[in-house]
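Heads up, the thing below is written out as structure tokens.
The values are calculated or read from the model by the stated rules, or taken from the named source; none is laboratory data. Remember, predicted model here, so these are calculated numbers, not experimental data. Virtual Cβ from ideal backbone geometry, glycine too; neighbours counted across all protein chains shown. Quick note on the areas: whole protein, heavy atoms, side chains included, nothing else; ligands and nucleic acids left out. Shrake-Rupley method; radii C 1.70, N 1.55, O 1.52, S 1.80 Å.
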Amino acid sequence: MQRDWWKSAVVYQVYPRSFADSDGDGVGDLGGILERLDHLVALGIDVVWLSPVYRSPMDDNGYDISDYQDVDPLFGTLAQLDELIARAHAAGMKIVMDLVVNHTSDEHPWFVESRSSTDSPKRDWYWWRPPRPGHEPGAKGAEPTNWGSAFSGPAWTYDETTGDYYLHLFSPKQPDLNWENPEVRAEVHRMMSWWLDRGVDGFRMDVINLISKVTVEAAPGLPEGAIGGRDPRGAGVIDTSEYGDTHPHVVNGPRLHEFLQEMHREVFAHRGPGLLTVGETPGASVEDARLFTDPDRGELDMVFTFEHVDLDSGPGGKWDVVPYRLLDLKRTFGRWQEGLADVGWNSLYWGNHDQPRAVSRYGDDSPEHREASAKALATVLHLHRGTPYVYQGDELGMTNYPFRTIDDFEDLESVNRFRAATSRGDDPDEVLDALRYKGRDNARTPMQWDASPQAGFTTGTPWLAVNPNHTEINAAAQVDDPESVFNHHRRLIALRHDDPVVAHGRFTMVLPDHDQLYVFTRTLDDSTLLVVANLSSLPADASELPDAAAWLAAETVLESGRSDSPGWVLGPWEARVLRRTGGL
Ligand code: NOJ
């Protein structure tokens, strides 16, 4: 196995709860993934990233773990996970697990023990702080700092047992682990090694750049967060109108690189090159990413940037929706391509279980343009330098769900947001509009396998409603159709495997100021690929591109949404990939 094998690989994210249900309880499970493995084989992907299947009270759908070394009965058994690993390996695919170690569930035995007494040997495994002096413990305002949680409300919860507060950057059922404590780190390393020994091929590390908080030296007087501000590093999640901005104190903290290097040394360094590590790093800049992913530093293989998914967030954070503009997207992606050209590596994604559907956000999900826009977006993403991640259903062009009222939402982030904002007096319709556009449940509706009543997802009642458009958009309708969004993805994935220019070529943005077209070249040795995509619902003229005449005569590698327009006029959402060899 080559050291950088993941440069020519494509990762597919499975969100098990919504992928396929084998036992009719309405929740997807490992049995369902096993039954549908052929779908992934047909797509040709290399790696499956499995969102959490560990034991969990499911407050945040498994991102709140109460046992890191077992499978939740809702999803199946450890034996089924072993079978999945074995069958994936036999089919030439790897399995990457989600690693959620910024926090545990409050039902994890470590936390249960930690909260039991101030003398507990595990007390220091979490972030405990006394109430703010001069305030009634447990009353509003008595929190140790004014930090807000990512899921609305304060980031501290009062615990009557000992009269202290504990920190949770997410829900109160997700207390933050204290990585300053060496026992915590050793225990996490041991658990990771246990999974690698079992055969998993790496980890997607949940909010890994939050594990080092502001130093303990600052304690107990932890700093306040700015009210009404927004972290200039763009993490963009937290509404700071009521609680302070937590991010400057917890994102990319002082010991982060040390912790990652230690993890690499302890867990990965002595193992072969076949593993993959990808860090979820909200608020990380290109400069941070260079440090995380420089192979000489021994930290991570790649990270997820949030910059492009924050482009439609205004100064008020994630729910302050502003229109997204293609020019901003090109500038952002362009900066990341350039910044990681010589050192480190990019991850490429449009969507995941935390983002709305790509085609509804960056494309045009109207019946007229949905398919062409899904293909054009995929073309642009997969032809960039970096490892593409396909979120389940995006290979079919699945869209956002037509939510009517707040009762249609399940996700705690959306439900809490609605409650917090409307109780402050925000207009419920406006709050709902933002949730409809950006809510995470858009990505979590069941996978659309076929046109049958529950889309082939379950024989029972699905935990979250199936999108009514499954009668049109589904795998069964696409797998054998050469023109489908699915088969377009299959071709893009095969192209990355077959053509080293896609994996290794230099990236150059072309027509950077064009506000409809996304154009770039990839070059390796004497071979150049030109990607021209019209990311708009109107025709676009690309005749200004350098060497336009020669490119018009070049070999077509892939195309989609082809219109009858002549020459360099591209139809709405048309995309072309062309190749020229020999010195240009
Ligand atoms: C990021 C995960 O992707 C998201 O789903 C989760 O809610 C938070 N981290 C907390 O674990």
Residue pairs within 8 Å by beta carbon, gap of at least six or interchain, first lying in the range 358-387 and part of a strand (DSSP E or B), second surrounded by fewer than 21 Cβ atoms within 10 Å (Cβ to Cβ), listed first then second, are Thr387/Lys7; Thr387/Ala9
Of the residues in the range 141-164, those that are of a type outside the set (A, V, I, L, M, F, W, C), away from the ligand (no atom under 16 Å from the Cβ) and part of a loop (DSSP other than H, G, I, E, B) come to Gly141, Glu143, Pro144, Thr145, Asn146, Glu160, Thr161, Thr162, Gly163
Within the range 435-458, the residues that are open to solvent by 10 Å² or more (accessible area, probe 1.4 Å) and part of a helix (DSSP H, G or I) are Arg436, Tyr437
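A quick yes/no check of all residues on (1) modelled with pLDDT under 95; (2) aromatic (Phe, Trp, Tyr); (3) open to solvent by 20 Å² or more (accessible area, probe 1.4 Å); (4) within 16 Å of the ligand (Cβ to nearest atom):
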| residue | (1), (2), (3), (4) |
| --- | --- |
| Leu348 | no, no, no, no |
| His353 | no, no, no, yes |
| Asp365 | no, no, yes, no |
| Ala374 | no, no, no, no |
| Thr387 | no, no, no, no |
| Thr399 | no, no, no, no |
| Phe403 | no, yes, no, no |
| Phe409 | no, yes, no, yes |
| Arg417 | no, no, yes, yes |
Can you find even one residue in the range 126-140 that is hydrophobic (A, V, I, L, M, F, W, C), at pLDDT 95 or above and within 16 Å of the ligand (Cβ to nearest atom)?
yes
Of those in the range 102-121 that are part of a loop (DSSP other than H, G, I, E, B), free of Cβ contacts under 8 Å to residues at least 40 places away in the same chain and not polar (S, T, N, Q), the residue nearest to the ligand (Cβ to nearest atom) is Pro121
Query - Test: residue in the range 185-206 that is open to solvent by 10 Å² or more (accessible area, probe 1.4 Å), over 20 Å from Tyr68 (Cα atoms), outside any helix (DSSP H, G or I) and more than 16 Å from the ligand (Cβ to nearest atom) - result: no
